[in-house]
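S.K.: For reference, the structure I am asking about is given below.
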Amino acid sequence: MDNPDAELAQAGPFDRADRNAVYRAIFTRRDVRGQFRPDPVPDDVLSRVLTAAHHAPSVGFMQPWSFIVLRGAEARARVHAVFAKANAEAAAMFPAGADSQYRALKLEGIREAPVNLCITCDPDRAGPVVLGRTHDKAMDAYSTVCAVQNLWLAARAEGLGVGWVSIFNRDELREALGIPAHVIPVAYLCLGWTSGVYRKPELELKGWRKRLPLGDVVRFEMWAGEERENPLLEQLRRDAQAVEAGDFVG
Ligand SMILES: Cc1cc2nc3c(=O)[nH]c(=O)nc-3n(C[C@H](O)[C@H](O)[C@H](O)COP(=O)(O)O)c2cc1C
């Protein structure tokens, strides 16, 4: 293009209703594991959420992702076997007490969800030297995660549940799906309509972990910055309360 500046557009705030729709998708998005309904996901819906994923940011615009769509029971059963083995190994890693709590959690919906997606990252997609990835090779995987989050939020807006399953031996998952050795399976997602979605993270409701106060994870100027009270921290507390009360307004 001769003059890219001719393509500049205004990017002001959305009007309030649209803004709140975005926040609503963010605050009501959940990881879904046990509430999948078997009815199929129409192609137009699946296409929209994949299109949202494909519009994620990526380092050097390399778009390192690919999306393997699994709808057949046989492929999903193969992946479930890979999960089951890793999940048994995972349970044994937790100390006594936590291991039984872990075993009681449902951590995937691979066979129940009518669609599974494996989202991969190909580090070679844009050649060996990638703008922006020159000093930190993980940036391509981070880009792929941005695509996952786009899809997850778009799915929430569509009313489609999504659950991320990460308990796999990576090489065994590669083998189950015929993924080349240099390609990284970044995310394995279960998708489908749901019978209901928890209002809070399921792991919180089941006593595994709580959401941290946002003020505890915001630091100022340096990692060990001293500032513990300021107007932003007060605002963060008010916003946390508003989210909790369900009346956060953008
Ligand atoms: C990278 C990543 C991997 C995850 N892997 C799993 C998983 O293997 N099994 C599972 O049940 N949930 C998994 N989750 C979902 C998280 O447990 C969930 O996001 C978290 O508990 C907060 O709940 P929410 O997503 O409903 O807000 C994963 C989430 C992310 C971002």
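S.K.: Over the range 84-213, with a single point scatterer placed on each C-alpha, what log10 of the ratio I(q)/I(0) does the Debye formula yield at q = 0.22 1/Å?
M.R.: -1.37
S.K.: Now a separate question. What residues have an amide H closer than 5 Å to that of residue 193, excluding those fewer than 5 places away on the same chain, when H is modeled at 1.01 Å from N in the peptide plane?
M.R.: Sorted by chain and number, the residues that satisfy this are 37, 161.
S.K.: When you count, for each residue, the other Cβ atoms within 10 Å and take the mean per peptide, how do 106-117, 48-59 rank with the highest first?
M.R.: Averaged packing, sorted descending, gives the order 106-117, 48-59.
S.K.: In whole Hz, what ³J(HN,Hα) sequence does the range 96-108 give by Karplus (6.51, -1.76, 1.60; θ = phi - 60°), x for Gly and Pro?
M.R.: With the stated coefficients, the range 96-108 comes to 3, x, 5, 5, 6, 4, 4, 4, 7, 7, 8, 10, 6 Hz.
S.K.: Looking at the range 136-206, I'd like the Rg to Rh ratio, where Rg is from alpha-carbon atoms and Rh is Kirkwood's inverse mean 1/r.
M.R.: The Rg/Rh ratio comes out at 1.02.
S.K.: Over all directions, the average projected area of the alpha-carbon convex hull for the chain comes to how many nm²?
M.R.: It is 18.0 nm².
S.K.: Taking one equal scatterer on every alpha-carbon of the range 125-172, how large is log10 of I(q)/I(0) by Debye at q = 0.19, 0.28, 0.33 1/Å?
M.R.: Here the Debye-derived log intensity ratios amount to -0.81, -1.00, -1.15.
S.K.: Hand me the tally of lysine pairs in the chain: alpha carbons under 22 angstrom apart, and the pair either on different chains or 8 or more positions apart.
M.R.: So the count of such lysine pairs works out to 5.
S.K.: Rounded to the nearest 20 Debye, what is the dipole magnitude of the range 119-159 about its Cα centre when Lys and Arg each give +1 and Asp and Glu each give -1 at the C-beta?
M.R.: For the range 119-159, the charge dipole is close to 60 debye.
Only the coordinates and a few stated rules stand behind these numbers; no lab work does. Only a predicted model underlies this, so the values are computations on that prediction, with no experimental measurement involved. Here the Cβ is made from the backbone with ideal geometry for all residues, glycine too, and neighbour counts use every protein chain on show.
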